[in-house]
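The values are calculated or read from the model by the stated rules, or taken from the named source; none is laboratory data. Quantities reported herein were computed from a predicted structural model and do not represent experimental measurements. Here the Cβ is made from the backbone with ideal geometry for all residues, glycine too, and neighbour counts use every protein chain on show.
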Amino acid sequence: MITKEQKQKIIYDLLAKNLPLDLLVEIKDHMEEQLEHKIDFENKSFEVAYEEVKKSWEKDLRMVYAFRLPRKKITILHKKINHKTEKEILLKSLKYFLPFLAITLLLSLYSKELTQNIFLVVYSIIGTSGIVTAFYFNNILKTSGQSEKRNISIYQRGSFLFYFGGLYVFIFNLVDFYERFDRFYRAISDIYFLDFKNFEFFPIFSTYIFVFLWLFGLFYFLNYRKTIKELQQKINLKL
């Protein structure tokens with residue numbers, strides 16, 4: 001068995017690796033399982049077993065610079081998981097966003113009013129989610145911003161886009177909705193009729209970009225909320 005002091009030593013060593021709390025806890029659990037096997041079944045002392053376990057994690061826990069701002073060192077394992085997570089959430093977001101993009105663009109060919117109503121409903125849902133999130137999940141939202149010093153989860157920073165996207169949909173899309181939609185519809189019509197004399201790209205860009213950011217952030221937020229619940233049960237995390 002591993003003593004409380006020995007567990008503290010593992011945690012202390014992992015804290016030096018700048019790991020998010022969810023990843024730190026997961027690695028700690030794996031290390032403890034490896035140590036218990038070496039101590040109980042291979043009859044090794046904690047010191048010998050711990051050196052062997054650290055050696056097995058040496059490559060994954062090597063520190064490298066992250067390709068993001070602010071520039072800081074993280075472990076190779078953390079960097080790999082970040083890339084994998086971003087890719088998975090990006091693909092999942094596109095899975096829902098691209099059909100919405102295609103449907104609204106095609107519908108605008110046949111019915112301006114129907115397309116307008118679809119956007120109004122979608123924007124209302126997204127804008128409302130931003131308000132609800134700020135009210136009901138304020139404690140989670142506060143930890144997702146750049147001002148939060150605690151490194152809680154790999155999903156932490158990305159989840160802020162959920163609130164950010166909802167807020168900007170309200171500001172840029174719902175405010176003066178009909179005027180903004182008319183500009184979008186004119187831009188789409190210019191493309192359909194190949195009339196680029198007075199073409200504006202920004203109305204199309206602003207119509208969709210914050211919807212995508214909200215969707216991208218939503219998947220981060222759902223995972224972050226789930227992770228926080230797990231950490232609260234496992235280590236009594238306080239926000």
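List of remarks:
- Among the candidates Ile74, Ile2, residue that is more than 21 Å from Gly158 (Cβ to Cβ), hydrophobic (A, V, I, L, M, F, W, C) and modelled with pLDDT under 95: Ile2
- Scanning the range 59-84 for residues that are of a type in the set (A, V, I, L, M) and without any contact (Cβ under 8 Å) to a residue 40 or more places away in the chain, we see that the one that is surrounded by the most Cβ atoms within 10 Å (Cβ to Cβ) is Ala66.
- Residue satisfying condition, being assigned to a loop (DSSP other than H, G, I, E, B) and at pLDDT 95 or above, within set Ser153, Ser93, Ser147: Ser153
- Yes/no for Glu113 being of a type in the set (D, E, K, R), surrounded by fewer than 16 Cβ atoms within 10 Å (Cβ to Cβ), in the same structural domain as Leu215 (by TED's automatic domain parsing) and within 30 Å of Ala187 (Cβ to Cβ): yes
- Qualifying positions in the range 31-46 - hydroxyl-bearing (Ser, Thr, Tyr) and part of a helix (DSSP H, G or I): none
- Residue pairs meeting the criteria (Cβ under 7 Å; at least 6 apart or on separate chains; first closer than 21 Å to Asn82 by Cβ, in the range 8-32; second in a helix (DSSP H, G or I) and of a type outside the set (A, V, I, L, M, F, W, C)): Leu14/Lys28; Leu19/His78; Asp22/Thr227; Leu23/His78; Val25/Lys234
- Sole residue being outside the structural domain of Ser153 (by TED's automatic domain parsing) and either more than 35 Å from the chain's Cα centre (by Cα) or part of a helix (DSSP H, G or I) (or both), chosen from Lys17, Lys28: Lys28
- Criterion (in the same structural domain as Phe221 (by TED's automatic domain parsing), surrounded by fewer than 21 Cβ atoms within 10 Å (Cβ to Cβ), touching a residue at least 24 places away in the same chain (Cβ under 8 Å) and assigned to a helix (DSSP H, G or I)) met by exactly one of Phe164, Phe135: Phe164
- Residue check, Ser129 under 29 Å from Val175 (Cβ atoms), at pLDDT below 95 and surrounded by fewer than 16 Cβ atoms within 10 Å (Cβ to Cβ): no
- Exactly one residue out of Ser124, Ser56 is assigned by TED's automatic domain parsing to the domain that holds His30, touching a residue at least 12 places away in the same chain (Cβ under 8 Å) and surrounded by fewer than 16 Cβ atoms within 10 Å (Cβ to Cβ): that is Ser56.
- Taken together, the residues in the range 68-127 that are among the hydroxyl-bearing types (Ser, Thr, Tyr) and within 30 Å of Asn18 (Cβ to Cβ) amount to 3.
- Extreme residue, surrounded by the most Cβ atoms within 10 Å (Cβ to Cβ), among residues of the range 85-108 that are more than 22 Å from Leu24 (Cα to Cα) and β-branched (Val, Ile, Thr): Thr104
- Answer residue from the range 38-53, given it is among the charged types (D, E, K, R) and surrounded by 13 or more Cβ atoms within 10 Å (Cβ to Cβ) and is farthest from Asn18 (Cα to Cα) among those: Lys44
- Only one of Tyr220, Tyr185 that is out of contact with any strand residue (DSSP E or B) (no Cβ under 8 Å at 6 or more places or on another chain), under 30 Å from Ala16 (Cβ atoms), in contact (Cβ under 8 Å) with a residue 12 or more places away in the chain and in a helix (DSSP H, G or I): Tyr220
- Test: residue in the range 140-161 that is aromatic (Phe, Trp, Tyr), over 13 Å from the mean Cα position of the chain (by Cα), crowded, with 17+ Cβ neighbours inside 10 Å and not assigned by TED's automatic domain parsing to the domain that holds Asp29: no
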